[in-house]
């Protein structure tokens, strides 16, 4: 590698190292804010639906439907539970707090599993919206019919400090 290439790599390393404290502070702020929530409203829109047509995996664009709104309230990270309200009503869900954020695990009345992760990261530096993804693990009659949707969540209520 030439001297110019090594200097460019060194400059990149220095810039990234200088930015790390700011990035870490932003992540810490988002994490503290997220684990302190009591209620989140999520809007999940664009996604992908999978099916196996004749034994071949087929991926298609999909929309969440019903406006893509879900609300997680009564969030209690210590007790690891919350309530989910969506297009099929309300039900208790499990909450798994991790270093990445909060993951909500729902078992539907039909036995399917839905997993929603709200990351301790904002969708843009100036935003207060957390990045979220939901994976639905459904079996329709005898065929797997999984899907995944992406969006953001906003805090509607935080716990008193």
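The values are calculated or read from the model by the stated rules, or taken from the named source; none is laboratory data. Computed from a prediction, not measured in an experiment: that's the story for all the values here. A quick note on method: Cβ atoms are made from the backbone with ideal geometry, for glycine too, and the neighbour counts reach across all protein chains shown.
The residue pairs whose first member lies in region 144-161 and is without any contact (Cβ under 8 Å) to a residue 60 or more places away in the chain and on the phi < 0 side of the Ramachandran plot, whose second member is surrounded by fewer than 18 Cβ atoms within 10 Å (Cβ to Cβ) and not in a strand (DSSP E or B), and whose beta carbons are closer than 8 Å, counting only pairs six or more residues apart or on different chains, do not exist in this structure.
Has region 45-58 got at least one residue that is loosely packed, with under 12 Cβ neighbours inside 10 Å and touching a strand residue (DSSP E or B) at 6+ places or on another chain (Cβ under 6 Å)?
yes
All conditions in (1) surrounded by 14 or more Cβ atoms within 10 Å (Cβ to Cβ); (2) modelled with pLDDT of 90 or more; (3) within 15 Å of the chain's Cα centre (by Cα); (4) on the phi < 0 side of the Ramachandran plot hold for residue 82, with the sole exception of (3).
Here is a check on your reading of the model: is residue 62 in a strand (DSSP E or B) and at pLDDT below 90?
Working: in a strand (DSSP E or B): yes; at pLDDT below 90: yes.
Yes: the conditions hold for residue 62.
Screening the candidates 111, 67, 101 for the property of being in contact with a strand residue (DSSP E or B) (Cβ under 8 Å, 6 or more places away or on another chain), under 20 Å from residue 152 (Cα atoms) and surrounded by fewer than 14 Cβ atoms within 10 Å (Cβ to Cβ) yields one hit, 67. In this entry, residue 138 is excluded by the filter for residues that are surrounded by fewer than 16 Cβ atoms within 10 Å (Cβ to Cβ), under 23 Å from residue 49 (Cβ atoms), free of Cβ contacts under 8 Å to residues at least 40 places away in the same chain and touching a strand residue (DSSP E or B) at 6+ places or on another chain (Cβ under 9 Å). Please go through region 86-98 and give me each residue that is surrounded by fewer than 16 Cβ atoms within 10 Å (Cβ to Cβ) and closer than 19 Å to residue 159 by Cβ, ordered by number. Hits for region 86-98 are 92, 94, 96, 98. Taken over region 124-161, residues that are at pLDDT 95 or above and outside any strand (DSSP E or B) amount to 1.
Of all residues in region 27-57, those being within 23 Å of residue 102 (Cβ to Cβ) and part of a loop (DSSP other than H, G, I, E, B) number 1.
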